[in-house]
Amino acid sequence: MMKNKQTSEQRMDSQPNEETEEKPSGILDKIQQLGQTNVPQLSADANIHCLTIIGQIEGHMQLPPQNKTTKYEHIIPQLVAIEQNPKIEGLLVVLNTVGGDVEAGLAISEMISTLSKPSVSIVLGGGHSIGVPIAVSCSYSFIAETATMTIHPIRLTGLVIGVPQSFEYMDKMQERVVKFVTKNSRISEETFKDLMFAKGNLTRDIGTNVIGEDAVTSGLIDEVGGLGRALAKLKELIELQSKHTDEEEIIQ
């Protein structure tokens with residue numbers, strides 16, 4: 001009997017501890033994916049979702065693996081989940097992007113602008129090209145003092161069929177961008193087109209590079225500010241919407 005007991009104890013000791021095995025593999029996964037061991041987590045009572053638009057916005061064509069990209073097929077389901085989740089009361093959009101696919105960028109912009117919940121964007125580093133419509137799609141927009149935004153005409157890369165219809169298509173696509181930006185910001189269509197078609201501002205391109213305060217002066221962005229100011233504004237908008245909802249319920 002003693003022998004059997006010892007044998008069973010030895011077997012139990014020889015069995016690997018699942019918790020011990022899972023813990024190192026979890027840490028290894030975090031290091032491989034994020035380059036760090038501790039991943040910051042939102043608290044259970046957090047009511048703000050942070051959405052990052054970084055690198056190049058990837059559209060229908062997959063970019064090379066060495067490119068830092070934001071894939072629209074990842075962003076769109078997140079926005080649907082934000083709209084449906086009652087625990088999320090506000091959205092913070094952090095931009096540091098060089099631009100990218102026009103239609104993918106406009107799709108993201110349209111979804112953010114039609115959210116029923118307050119949203120605040122902040123441009124850090126750069127919010128170039130199609131990043132401009134995303135920046136202005138939120139309820140309120142911020143730009144860091146040193147951040148830049150490049151405004152330039154629509155352009156195509158690769159094979160272009162040399163017929164008038166190709167240029168008409170580009171012109172219509174450009175008008176879609178212009179209308180969206182002017183509708184969702186304080187900038188006029190005339191001012192935005194002047195910035196878009198300005199020559200001599202950039203070395204290898206036509207267009208304009210606006211920095212911090214210039215973006216606010218032109219009416220493109222609402223305010224110069226950093227992360228703290230952006231979060232404070234978002235909390236203010238959440239409180240206003242909550243108060244408005246309560247008043248409607250009382251009236252009903």
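Bear in mind these aren't lab numbers, they're just calculated from the coordinates by the rules spelled out. Model, not experiment: these values are computed from the prediction. Glycine also receives a Cβ, built like all others from the backbone with ideal geometry; neighbour counts cover every protein chain displayed.
Put a dot 7 Å past the Cα of Thr217, heading toward its Cβ, do the same for Glu103, and the two dots end up 3.8 nm apart. Distance between the modelled labels on Gln241 and Glu110, one decimal in nanometres: 2.1 nm (7 Å Cα→Cβ projection). In order along the stretch 227-234, phi translates into HN-Hα couplings of 5, x, 5, 5, 5, 4, 5, 5 Hz, rounded to whole numbers, per the Karplus curve 6.51 cos²θ - 1.76 cosθ + 1.60 with θ = phi - 60° and x for Gly and Pro. Packing, taken as the mean count of other beta carbons within 10 Å per residue, orders the peptides 229-238, 103-112 from highest to lowest as 103-112, 229-238. Per q in 0.16, 0.24 Å⁻¹, report the Debye log10 I(q)/I(0) for the stretch 83-168, using one uniform scatterer on each alpha carbon and no solvent. The calculated log intensity ratios at q = 0.16, 0.24 Å⁻¹ are -0.68, -1.14. Rounded to the nearest 0.05, the FRET efficiency derived from the C-beta distance between Arg229 and Lys172 at R0 = 51 Å is 0.85. Descending by average beta-carbon neighbour count within 10 Å, the peptides 176-187, 57-68 line up as 176-187, 57-68, the highest first. Per-residue extension of 0.36 nm, minus the Cα-Cα distance of Phe197 and Leu159, leaves a gain of 11.3 nm for this segment. One quarter of the convex hull surface built on the alpha carbon atoms of the stretch 42-92 amounts to 4.2 nm², the projected area averaged over directions.
Distance cut-off 25 Å, Cα to Cα: go down the list Lys172/Lys199; Lys193/Lys235; Lys68/Lys117 and report the pairs above it. In this structure, Lys193/Lys235; Lys68/Lys117 lie more than 25 Å apart at Cα.
Stretching the chain fully between Gln66 and Ala46 yields a gain of 3.8 nm (0.36 nm per residue, less the alpha carbon separation).
Peptides 169-175, 220-226 ranked from most to least packed by the mean count of surrounding Cβ atoms within 10 Å: 220-226, 169-175.
For the stretch 106-252, the convex hull spanned by the alpha carbon atoms encloses 133 Å³ per residue. Applying the Karplus relation 6.51 cos²θ - 1.76 cosθ + 1.60 with θ = phi - 60° to the stretch 186-198 yields 3J(HN,Hα) values of 8, 6, 7, 4, 5, 5, 5, 5, 4, 5, 5, 9, 5 Hz, where x marks Gly and Pro.
The calculated FRET efficiency for the pair Ile76 and Ile54, based on their C-beta separation and a Förster distance of 22 Å, comes to about 0.85.
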